[in-house]
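Only one structure is covered here, and it is reproduced in the block below.
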Amino acid sequence: GVEYDLTEDSLVYANISTGFKAGGFFSEQPASQAACSTGNTFEPETLTAYAIGTKNRFNGGRLQLNAEAFYWDYEDHQEPHLGFSACGYTIFPTENIGQATMQGLDLEMQLAVADNGRLGLQLQYLDATFDEFTFTTFSGGGNPGDNGGNGAFGCPAAALGGPLWLVNCDGKDAIRPPEWSGTVSYRHLFPVGNGGNVILDLRTQFASETFIAIDYRPASLQGSYSMSDASLAYEAAGGKWMVSVWGRNLEDEAVKTNSFTTPFTLVNYTQLRAP
């Protein structure tokens, strides 16, 4: 990495970093069915990350503004998913699905408002793609890639023989990370006469729509949402004790965190964030 100080309050930087996530094993089927084994190992995942950015303070430090552009290159990206062994047992394999790239821009702002307020903004744009994305699945009910009919996946599939199919989702948007996301926050401290403080915290998180499962079915699409938190606290003089009241997800949004569809029954299972 390199860094250059433009002034006492502004700098620019660039860096390249690399790392890996270890490979491993997953449970495939009972030992008595070893003849059905198709292999239950996966290789390490590697990431090379490039970043260039700037950090700045203006107006005597009252405004902080940071920006970073980044590019991440994944090789042998690991993706766990619901699947079936060649003998038809339900398993949860991790597969190396090939190459994935993520590029985007991060913006961060902190602004001092009056003497005791602070306004914050974080915004991210992300273009994330599975460049090479194929995986195997078991299907006892026809082509799992026939999403226009009764398929379990929104990507085309080719028969590998018997009940095994190769699903090809090359070029699909990566699951989970939204294209746009961010947070707006405000914190204000109100001094009171006895030396204590009343503290108000407001925060709203927002994100655009994204798929959260590799089946790419409509039931696995998390739509755009906003989710707000708020708290009001009293802090005693000297910080000896504090009492607060707070609420989370004030809009009561039903936000999906995980989803999968069973290839046999096409029943969709979804986990949600707290109401």
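The values are calculated or read from the model by the stated rules, or taken from the named source; none is laboratory data. These figures come from a predicted structure and were not determined experimentally. Using ideal geometry, Cβ is built from the backbone for each residue, glycine included, and neighbour counts are taken over all protein chains shown. Please note that ligands, DNA and RNA were not included when accessible areas were found on the heavy atoms of the full protein model with its side chains. Shrake-Rupley method; radii C 1.70, N 1.55, O 1.52, S 1.80 Å.
Listed values, structure above:
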| read-out | value |
| --- | --- |
| Test: residue in region 239-257 that is in contact with a Phe, Trp or Tyr (Cβ under 7 Å, 6 or more places away or on another chain) and under 30 Å from Leu107 (Cβ atoms) | yes |
| Strands (runs of 3 or more DSSP E) wholly inside region 41-120 containing at least 3 residues that are modelled with pLDDT of 95 or more and under 18 Å from Val184 (Cα atoms) | 63-75, 100-113 |
| Qualifying position, being in contact with a strand residue (DSSP E or B) (Cβ under 8 Å, 6 or more places away or on another chain), closer than 30 Å to Pro80 by Cβ, among the polar types (S, T, N, Q) and touching a residue at least 60 places away in the same chain (Cβ under 8 Å), among Thr257, Thr183 | Thr183 |
| Unique residue being in a strand (DSSP E or B) and buried (at least 18 other Cβ atoms within 10 Å of the Cβ) when the list is Val198, Val243, Val167, Val184 | Val167 |
| Answer residue from region 133-161, given it is touching a Ser or Thr at 6+ places or on another chain (Cβ under 9 Å) and aromatic (Phe, Trp, Tyr) and is modelled with the lowest pLDDT among those | Phe138 |
| Failed item in (1) within 23 Å of Ile175 (Cα to Cα); (2) in contact with a strand residue (DSSP E or B) (Cβ under 8 Å, 6 or more places away or on another chain); (3) open to solvent by less than 40 Å² (accessible area, probe 1.4 Å), with Ser231 passing the rest | (1) |
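Let's see how each residue does on (1) open to solvent by 60 Å² or more (accessible area, probe 1.4 Å); (2) among the aliphatic types (A, V, I, L, M); (3) under 19 Å from Pro178 (Cα atoms):
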| site | (1), (2), (3) |
| --- | --- |
| Phe58 | yes, no, no |
| His81 | no, no, no |
| Leu107 | yes, yes, yes |
| Asp115 | yes, no, no |
| Gln122 | yes, no, yes |
| Thr129 | no, no, yes |
| Thr136 | no, no, no |
